[in-house]
Amino acid sequence: MYKLIFKLVLELISRPSKTWKSLAVEREHGIQEGRNKAQHEHFLSNYVYPFIGLMTVAAFLSICTRQEFDFEYALKSAILTLVSFFGGFYLASYLLGEVWKGLFKQPKDVRLCQSFVGLASSLLYVLEIVRLLLPDFFFLYVFVLYTFYIVWEGAVIYMKVDEGVRMKFTAIASLILILTPFVINKLFVVLMPAFH
């Protein structure tokens, strides 16, 4: 399973246009064959949740590798990461769905928005894992900006956004993807100071 995740992430980062096309075709086949729900559940349980699990483990291990190991702090870090990215995924999906329906006048499609958020967030997830395990490489976070390009490519191909509103969709969707885990993290720390 993790080998397939790694392969898909690598393809999304290195060849976003081609990868979005194959994902769109795969999604259309699933809809036509009436297995859209099963296909979506498979995507969540074999892509999104394992990725969030990897980030949680990375957060725990990042504390374990320090000279002064503190189990309680490692556990808090793992929980904070889990809540931030799990909640961030669902909040981003919800917000994108509302924008999709309200601003872009498209029919509400929760599965489409969740799939898009999960796939377009792949680079963010990888960067978070690297940041947690290798904190000295924080400068790699500049590559978060590449998320805009991944969303740009997926907008027309996967989401079927009109070319005229592609830039608007890309800006809004990218900001939602990037900011939601960060906002949830900060909100969680404010509401539960013991996690700081």
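The values are calculated or read from the model by the stated rules, or taken from the named source; none is laboratory data. It should be emphasised that the depicted structure is a prediction, and the values quoted were computed from it without experimental measurement. We place every Cβ from the backbone using ideal geometry, glycine too, and count neighbours over all the protein chains shown. All accessible areas refer to the heavy atoms of the entire protein, side chains included, with ligands and DNA or RNA removed. Shrake-Rupley method; radii C 1.70, N 1.55, O 1.52, S 1.80 Å.
List every residue whose amide H lies under 5 Å from the amide H of Val161, counting only residues 5 or more places away in sequence or on a different chain, with H placed 1.01 Å from N in the peptide plane.
Here Val156 satisfy the definition.
Heavy atoms only, probe 1.4 Å: what % of the accessible area of segment 1-121 goes to carbon and sulfur, would you let me know? Provide the component values of the computation, followed by the final result.
On the way: 4140 of 6630 Å².
Its accessible area is 62 percent carbon and sulfur atoms.
Would you please classify the overall shape of segment 71-154 from the alpha carbon gyration tensor, given that a ≥ b ≥ c denote the square roots of the eigenvalues, rounded means a/c under 1.5, and beyond that prolate means a/b larger than b/c while oblate covers the rest?
Working: a/c = 3.48, a/b = 1.63, b/c = 2.13.
Oblate is the answer for segment 71-154, as a/c is 1.5 or above yet b/c matches or exceeds a/b.
Taking the structure as given and computing Rg and Dmax of the Cα atoms in Å, which label from (i) 17.2, 55; (ii) 17.9, 56; (iii) 17.6, 53 fits?
The value computed from this structure is option (i).
For the charge dipole of segment 77-183, defined by +1 on Lys and Arg C-beta atoms and -1 on Asp and Glu C-beta atoms about the Cα centroid, which residue among Phe85, Phe169, Val110 has the Cα displaced farthest towards the positive pole?
Val110
Over segment 74-132, what relative contact order in percent results from Cα pairs under 8 Å that are six or more residues apart? Spell out each step's value before the answer.
Numbers: 22 pairs, mean separation 16.4, N = 59.
Taking the mean separation of contacting Cα pairs over the length of segment 74-132, I get 28 percent.
Find the accessible area per residue for segment 65-193; the probe is 1.4 Å, ligands and nucleic acids are left out, and the unit is Å². Please report the intermediate quantities before stating the final value.
On the way: 6980 Å² over 129 residues.
Heavy-atom accessible area per residue stands at 54 Å².
Suppose only helical runs count, i.e. DSSP H with n ≥ 4. What mean residue ellipticity at 222 nm does that imply for the chain under -39500 (n - 2.57) per run, divided by all residues and rounded to the nearest 500 deg cm²/dmol?
Working: 9 runs with 147 residues, N = 196.
Computed mean residue ellipticity for the chain: -25000 deg cm²/dmol.
Averaging sequence separations of C-alpha pairs under 8 Å and six or more residues apart, then dividing by the length of segment 1-149, give the relative contact order as a whole percent. Please list the in-between numbers first.
Working: 102 pairs, mean separation 33.4, N = 149.
Across segment 1-149, relative contact order equals 22 percent.
If you put +1 on each Lys and Arg Cβ and -1 on each Asp and Glu Cβ, how big is the dipole of the chain around its Cα centre, in Debye rounded to 20?
Working: 19 positive and 15 negative charges, 91 e Å.
Using only the charged Cβ atoms, the result is roughly 440 debye.
If you scale each eigenvalue of the Cα gyration tensor by 5 and take the root, what three semi-axes come out for segment 135-189, rounded to whole angstrom and sorted largest first? Display every interim value, and only then the final one.
Details: eigenvalues 131, 44, 11 Å².
With the √(5λ) rule applied to segment 135-189, the semi-axes are 26, 15, 7 Å.
Expressed as an acute angle from 0 to 90° and rounded to the nearest 10, what is the orientation of the C-alpha long axis of helix 122-133 relative to the principal long axis of the chain?
In the chain, helix 122-133 runs at an angle near 10 degrees to the longest axis.
Using the Karplus equation 6.51 cos²θ - 1.76 cosθ + 1.60 (θ = phi - 60°), what ³J(HN,Hα) coupling, rounded to whole Hz, does each residue of segment 22-34 give in order, writing x for Gly and Pro?
5, 5, 5, 5, 4, 5, 4, 4, x, 5, 5, 8, x
Where does each of Ser17, Ser45 land when they are ordered by accessible area, with a 1.4 Å probe and the largest first? Walk me through the numbers on the way to the answer.
Details: Ser17 35, Ser45 60 Å².
Largest accessible area first, the residues go Ser45, Ser17.
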